[in-house]
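Notes to accompany the following structure.
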Amino acid sequence: MSENFRGAFIMMICMSAFVLNDAFIRLAGDSLPLAQILFIRGLITTVVLLAFAIYGGVFSSTVSKKDKWRIFFRSIAEALTAYFFLTAVINMPFANVTAILQILPMTVTLAAAFVFKEKVGLIRITLILMGFLGVVLIINPSADGFNLYAIYALIAVFLITIRDLITRKLSSEVPTLLPTVSASIGVLLFSVILLINTPLQPLNSQNSLFIFLAAFFI
């Protein structure tokens, strides 16, 4: 198995897991507020990730001050992304959210060209513009498909782009699990803030299972 094939295969598995996570969040959102879902899911994932990080000695690694700040801002971007994107997932047709998310590779490519001065040829720029047009046609701004939650999804794409750019700037010495744990903690803390003005709803076996499965696939 070549490295390219292996990388593509892993990306396919990851994207499938993200889709399943979003689907279970949407199902749980039928009976629970998003803040409560994020808190419970964040609590599960943070505990598991912390256990792996402690076992792997991640926190004993030497991390530069610049990387610490990058991890901090990356965690903020991750927390805000979770709120905006999952709010859109719960309140929009799933196909529309997915369509908007398809512009992410385009925004990352353009951002990398401006921030990191990477070369982006005319053909690639043309394809990116065509991709943007395709997404606009799918979400249909003149109809009900484009609303406040579509804007939330676009904000999420912007935040994910920032998160990925920050990730790109992390030093190779930073353990992969460290920014992952930090992001999970960031989402958990943000959910606590959201819970302040959110009335809690009772858990049952069904929505509890949905949250557990969402935590598993994230």
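Summing Lys, Arg as +1 and Asp, Glu as -1, what charge do residues with Cβ under 11 Å from the Cβ of Ser61 carry, Ser61 excluded?
-2
Roughly speaking, what is the stretch gain from Leu50 to Thr167, that is 0.36 nm per residue apart minus the C-alpha to C-alpha distance, in nm to one decimal? Walk me through the numbers on the way to the answer.
On the way: separation 117, 0.36 × 117 = 42.12 nm, distance 1.97 nm.
Once the chain is fully extended between Leu50 and Thr167, it gains 40.2 nm.
Beyond 26 Å, how much of the Cα-Cα pair distribution for the chain remains, as a whole percent?
When every Cα pair of the chain is considered, 42 percent fall beyond 26 Å.
Relative contact order of the chain: what whole-number percent is it, with Cα pairs under 8 angstrom and at least 6 residues apart? Don't jump to the answer; show the numbers that get you there.
Working: 226 pairs, mean separation 103.8, N = 218.
The value is 48 percent.
Extension gain Val115-Phe73, at 0.36 nm per residue separation less the Cα-Cα distance, in nm?
The span from Val115 to Phe73 would gain 13.5 nm if fully extended.
Whole-Hz ³J(HN,Hα) for each residue in the range 97-103, computed from phi via Karplus 6.51 cos²θ - 1.76 cosθ + 1.60 with θ = phi - 60°, x for glycine and proline: what do you get?
3J(HN,Hα) across the range 97-103, in whole Hz: 4, 4, 5, 5, 5, 5, 7.
Cα centroids of the range 153-204 and the range 1-69: how far apart, whole angstrom?
With the range 153-204 and the range 1-69 each reduced to a Cα centre, they are spaced 9 Å.
Peptides 100-113, 54-67: what's the order by average Cβ count within 10 Å, highest mean first?
Those peptides, ordered most packed to least, come out 100-113, 54-67.
Can you compute the helix-only [θ] at 222 nm over the chain? Use -39500 (n - 2.57) per DSSP H run of at least 4 residues, normalise by all residues, nearest 500 deg cm²/dmol.
Helix-only estimate at 222 nm: -26000 deg cm²/dmol.
Bear in mind these aren't lab numbers, they're just calculated from the coordinates by the rules spelled out. The shown structure was predicted, so the numbers you read here are calculated from the model rather than taken from an experiment. Positions of Cβ are generated from backbone atoms using ideal geometry, with glycine treated the same way; all protein chains shown enter the neighbour counts.
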